[in-house]
1. Among the residues of the stretch 116-152, which ones are open to solvent by 60 Å² or more (accessible area, probe 1.4 Å) and in contact (Cβ under 8 Å) with a residue 60 or more places away in the chain?
2. Looking at the structure I just gave you, is residue 280 outside any helix (DSSP H, G or I), open to solvent by 20 Å² or more (accessible area, probe 1.4 Å) and of a type in the set (S, T, N, Q)?
3. Going by the structure shown, is residue 364 surrounded by fewer than 21 Cβ atoms within 10 Å (Cβ to Cβ) and either touching a Leu at 6+ places or on another chain (Cβ under 9 Å) or of a type in the set (Ser, Thr, Tyr) (or both)?
4. From the residues in the stretch 178-203 that are closer than 19 Å to residue 304 by Cα and in a strand (DSSP E or B), which one is nearest to the ligand (Cβ to nearest atom)?
5. For the stretch 33-62, enumerate the residues that are outside any loop (DSSP other than H, G, I, E, B), within 17 Å of residue 240 (Cβ to Cβ) and open to solvent by 10 Å² or more (accessible area, probe 1.4 Å).
6. Kindly provide the set of residues from the stretch 1-24 that are more than 29 Å from the chain's Cα centre (by Cα) and open to solvent by less than 40 Å² (accessible area, probe 1.4 Å), ordered by number.
7. Taking the stretch 321-353, which residues are buried (at least 20 other Cβ atoms within 10 Å of the Cβ) and polar (S, T, N, Q)?
8. For the stretch 210-251, how many residues are in contact with a Gly (Cβ under 8 Å, 6 or more places away or on another chain) and of a type in the set (S, T, N, Q)?
Amino acid sequence: MGEMQDYGFETRAIHAGQPPDDSTGAVMTPIYAVTTYKQDGVGGLRGGYEYSRTANPTRRALEDCLAALEDGARGVAFSSGMAAEDALIRVTCGPGDHVVIPNDAYGGTYRLFKQAFQPWGLSFTTASVHDNAAIGAAVRPGQTKLIWIETPSNPLLGVADIGGIAQIAKDAGALLVVDNTFATPYLQRPLTLGADVVVHSTTKYAGGHSDVVGGAVVTASEVLGQAIAVFQNSTGGTAGPFDAYLVLRGLKTLGVRMDRHCDNAERVVDFLTAHDAVGQVFYPGLLDHLGYQVASTQMKRFGGMVSFRVKAGAAAAAEVCDRTKIFTLAESLGGVESLIEQPATMTHASVAGSELEVPRDLVRLSVGIESVEDLIRDLDQALTG
Ligand SMILES: *Cc1c(COP(=O)(O)O)cnc(C)c1O
């Protein structure tokens with residue numbers, strides 16, 4: 001992988017960790033549907049593989065590719081984004097410790113801290129991702145092990161200053177974790193800005209075709225990456241070879257897909273901001289967005305996720321979601337197809353009544369890569385009713 005760092009992003013996406021197969025010359029990484037590996041004499045492992053929970057060549061190719069794309073030392077691929085988050089927290093924290101998490105985040109991440117880790121004895125404080133001072137104030141020196149941020153965040157597209165928060169984490173002796181699911185390494189590489197760990201739901205843009213659930217952790221440190229791999233071998237939340245293959249296949253086109261997602265999202269944002277039925281539009285590329293300056297410096301472009309408020313209220317927002325024909329009413333995001341949803345009743349229903357509650361008139365779009373004129377016409381008819 002070492003020399004791959006000299007190549008550009010798209011070259012790494014297609015080649016890192018994926019040399020042609022030694023035994024057959026196959027240009028694509030085979031799906032190693034295998035559990036165990038013949039040993040050349042007792043203790044004589046061929047190519048380092050002994051059992052597929054411990055390591056599998058297809059999964060390893062994905063892990064090496066993700067590490068190369070994020071400029072990290074080690075990638076570890078999991079069966080889901082949540083399994084990746086769970087392993088990372090258990091390796092880096094223990095009962096009695098404390099973490100700082102964003103007040104605008106993937107609902108499942110909040111639920112993980114609240115329902116799985118709070119009873120375990122891990123306390124957390126939520127803080128605004130826009131506000132370095134608030135994050136700094138939430139840190140408890142000696143007790144805070146992680147500062148966790150998502151940028152852009154879900155669903156309000158808040159932007160966190162990765163470099164500034166990395167310094168706060170360093171001063172506090174905590175690790176900075178960045179959920180890079182929305183931006184992907186094509187648009188933003190947190191480890192190069194001082195973050196210690198990146199987590200992904202590869203279910204989203206990395207896979208890119210809404211046909212696989214997966215997750216990953218990429219670490220700046222080889223030691224931490226190795227500890228997570230050992231933990232994964234002990235607990236078993238691995239990505240299967242077919243799932244690993246699908247994500248690997250998705251990564252090859254990540255760059256071209258992200259550019260089109262961004263092109264289409266920008267056009268949709270222009271349309272929405274000019275529409276009478278639409279209230280505030282949330283997109284990091286808007287000049288009046290709170291995080292515009294920071295996003296402009298740490299991101300290549302602003303991504304494919306857009307949220308907006310419907311002026312006529314929550315019921316009208318639900319009707320807009322019901323009326324679209326190309327935008328499919330569904331949870332999840334990051335696939336080639338456009339999706340629409342109402343976070344308050346769908347993806348973020350689990351944070352109702354908490355400090356992460358989102359406006360009920362909010363609609364979230366995952367802008368796909370269909371013909372943008374069709375997407376805009378679809379939204380227009382849905383907003384007009
Ligand atoms: C979907 C998602 C997750 C969880 O990943 P799964 O693959 O669904 O387990 C975590 N973070 C963000 C930002 C997500 O969108």
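1. Within the stretch 116-152, just 130 meets the criteria.
2. yes
3. no
4. Only one residue tops the list, namely 201.
5. 36, 51, 57, 60 - these are the residues of the stretch 33-62 that are outside any loop (DSSP other than H, G, I, E, B), within 17 Å of residue 240 (Cβ to Cβ) and open to solvent by 10 Å² or more (accessible area, probe 1.4 Å).
6. Going through the stretch 1-24, the residues more than 29 Å from the chain's Cα centre (by Cα) turn out to be 21-24.
Of everything in the stretch 1-24, just one residue is more than 29 Å from the chain's Cα centre (by Cα) and open to solvent by less than 40 Å² (accessible area, probe 1.4 Å), namely 21.
7. Taking the stretch 321-353 first, the residues buried (at least 20 other Cβ atoms within 10 Å of the Cβ) are 321, 324, 327, 333-335, 338-344, 347-348, 351.
Within the stretch 321-353, 324, 338, 342, 347 qualify.
8. 2
The values are calculated or read from the model by the stated rules, or taken from the named source; none is laboratory data. These numbers come from a predicted model, not from an experiment. All Cβ positions, even for glycine, are placed from backbone atoms using ideal geometry, and neighbour counts span all protein chains on display. These area figures cover heavy atoms from the full protein model, side chains too; ligands, DNA and RNA do not enter into them. Shrake-Rupley method; radii C 1.70, N 1.55, O 1.52, S 1.80 Å.
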